[in-house]
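*Asks:* Dumping the structure here so I can ask a few things about it.
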Amino acid sequence: MKLNRSLALVLAGLGLAAGVHAQTVLKIGYATSKESHYGVGSTVFCDEIEKGTQGRYKCQHFPNSALGGEREQIEAVQLGTQDLVNTSTGPLGNFVPEVKIVDIPFLFRDYDHARKVMDGPIGEELRRKMAEKGLINLAWTENGFRHMTNSRRAIVKAEDAAGLKMRTMENKVHMDGYKTFGILPTPMPFPELFTALQQGTVDGQENPIPVILAAKFSQVQKHLSLTGHVYSPAALILSPAVWNKLSDADKQVFLAAGKKAAEAQRRKVNEDEANGIAQLKREGMQVVEKVDGDSFRKAIAPAYQAYAREFGADRIAAIQAVK
Ligand code: PAF
């Protein structure tokens, strides 16, 4: 016993002399698989922090909503019972109301526009608001432009969507907009969605191509319409319980890793957008590629009046004006 204790002390001493440090394993959660856009971004982040801190920090991945829905995971990160989440902004407005503005449908013209806004002063300001609420946004990652799928009919124009029972995120900005298309929005955490589609509890859902691929919705949905009706930003969020313990140098490593993660995640979104539609067709989905976008934009005009009251017409215009 005495010998063992002495041996342990000698080994510990040797370890310190050799520069061996304790290792912290951070739990990171996200909704889709490790091969999906969220998994790709998260893996790059984790590889980078492990390299940049000489192995003092590494991650344990919890893909496929293993730690719960996004809302639950954001809450856990805020409380410090989970270290990291790579999440859409869908439920984030429930924690940081200022973020809701970026969930307005038809706000962003295209990927270039959205990424420029999120990486520019408007995105920076939102990151500061998140920090005030105990959510350290290391980088704006990405979920992608959302498209509608359903089991009933092809959606070409807004009227075709009317009467469909569609699962939405737990996001009032989305729901208020979708109601103007005549959709019956049914908010539901993502982990419950596949079964709800399979059992016909809802007719459809809306998500970006990378999610439709990763979640294998082609198995339970016949129609896909490339409505691109709303951009879905995402964020790689660290718990303040971890952030506040990092040295200044490690903080820089984490921020740089977040930037690389965002780049990789966006590249994967681009790839899925480029190749995924052909794959979904091969898997049997009927795809409407030419959607009448104007019919949706016209339908949503009344909701924009309410958005202007809630967020300020000038703030909406400032986002739209970014070139
Ligand atoms: O639909 C959602 O809830 C989100 O888009 C998802 C799939 C969880 C990814 O952020």
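The values are calculated or read from the model by the stated rules, or taken from the named source; none is laboratory data. The shown structure was predicted, so the numbers you read here are calculated from the model rather than taken from an experiment. All Cβ positions, even for glycine, are placed from backbone atoms using ideal geometry, and neighbour counts span all protein chains on display. We work out accessible area using only protein heavy atoms, side chains counted, and drop any ligands, DNA or RNA first. Shrake-Rupley method; radii C 1.70, N 1.55, O 1.52, S 1.80 Å.
*Asks:* Take the conditions under 26 Å from Phe106 (Cβ atoms), within 12 Å of the ligand (Cβ to nearest atom) and open to solvent by less than 40 Å² (accessible area, probe 1.4 Å) and apply them to Ser225. Does it pass?
*Replies:* Answer is no for this residue.
*Asks:* May I pose another question? Is the stretch 149-162 home to any residue that is open to solvent by 10 Å² or more (accessible area, probe 1.4 Å) and either closer than 30 Å to Val253 by Cα or aromatic (Phe, Trp, Tyr) (or both)? Steps first, answer last, please.
*Replies:* Of the residues in the stretch 149-162, the ones open to solvent by 10 Å² or more (accessible area, probe 1.4 Å) are 151-154, 156-157, 159-160, 162.
After this cut, where a residue has to be either closer than 30 Å to Val253 by Cα or aromatic (Phe, Trp, Tyr) (or both) as well, the list is none.
Checked the stretch 149-162: no residue is open to solvent by 10 Å² or more (accessible area, probe 1.4 Å) and either closer than 30 Å to Val253 by Cα or aromatic (Phe, Trp, Tyr) (or both).
*Asks:* Can you pull out every residue in the stretch 250-265 that is surrounded by 22 or more Cβ atoms within 10 Å (Cβ to Cβ) and touching an Asp or Glu at 6+ places or on another chain (Cβ under 8 Å)?
*Replies:* Ala257, Ala261, Ala262, Gln265
*Asks:* Pairs, please: C-beta under 6 Å, at least 6 apart or cross-chain, first residue more than 19 Å from His229 (Cβ to Cβ) and in the stretch 188-214, second of a type in the set (Ser, Thr, Tyr) and open to solvent by 10 Å² or more (accessible area, probe 1.4 Å)?
*Replies:* Pro191/Ser65; Ala214/Ser33
*Asks:* Any idea which of Gln305, Gln286, Gln279, Gln320 is open to solvent by 40 Å² or more (accessible area, probe 1.4 Å), touching a residue at least 24 places away in the same chain (Cβ under 8 Å) and over 29 Å from Tyr30 (Cα atoms)?
*Replies:* Only one candidate passes the filter, namely Gln320.
*Asks:* Could we say that Asp272 is within 14 Å of the ligand (Cβ to nearest atom) and either without any contact (Cβ under 8 Å) to a residue 24 or more places away in the chain or in a helix (DSSP H, G or I) (or both) here?
*Replies:* yes
*Asks:* If you take just the strands (runs of 3 or more DSSP E) that sit entirely in the stretch 116-221, which of them hold at least 3 residues that are away from the ligand (no atom under 11 Å from the Cβ)?
*Replies:* By residue number, 136-150, 184-187.
*Asks:* Every residue in the stretch 21-44 that is away from the ligand (no atom under 16 Å from the Cβ), at pLDDT 95 or above and closer than 18 Å to Lys245 by Cβ, please.
*Replies:* Gln23, Thr24, Val25, Leu26, Lys27 - these are the residues of the stretch 21-44 that are away from the ligand (no atom under 16 Å from the Cβ), at pLDDT 95 or above and closer than 18 Å to Lys245 by Cβ.
*Asks:* Only one residue in Lys165, Lys179 is open to solvent by 10 Å² or more (accessible area, probe 1.4 Å), among the charged types (D, E, K, R) and touching a residue at least 60 places away in the same chain (Cβ under 8 Å), so which one is that?
*Replies:* Numbers: Lys165 fails: touching a residue at least 60 places away in the same chain (Cβ under 8 Å).
Answer to the check: Lys179.
*Asks:* Just need a number here: residues in the stretch 94-110 that are open to solvent by 10 Å² or more (accessible area, probe 1.4 Å) and within 16 Å of the ligand (Cβ to nearest atom).
*Replies:* At the first step, the residues of the stretch 94-110 found to be open to solvent by 10 Å² or more (accessible area, probe 1.4 Å) are 94-95, 97-98, 100, 106, 108-110.
Then keep just the ones that are within 16 Å of the ligand (Cβ to nearest atom); that gives 94-95, 100, 108.
Qualifying residue count for the region: 4.
*Asks:* A further question on this structure: Could you tell me how many of the residues in the stretch 72-93 are surrounded by fewer than 16 Cβ atoms within 10 Å (Cβ to Cβ) and among the hydrophobic types (A, V, I, L, M, F, W, C)?
*Replies:* Total satisfying the criteria: 1.
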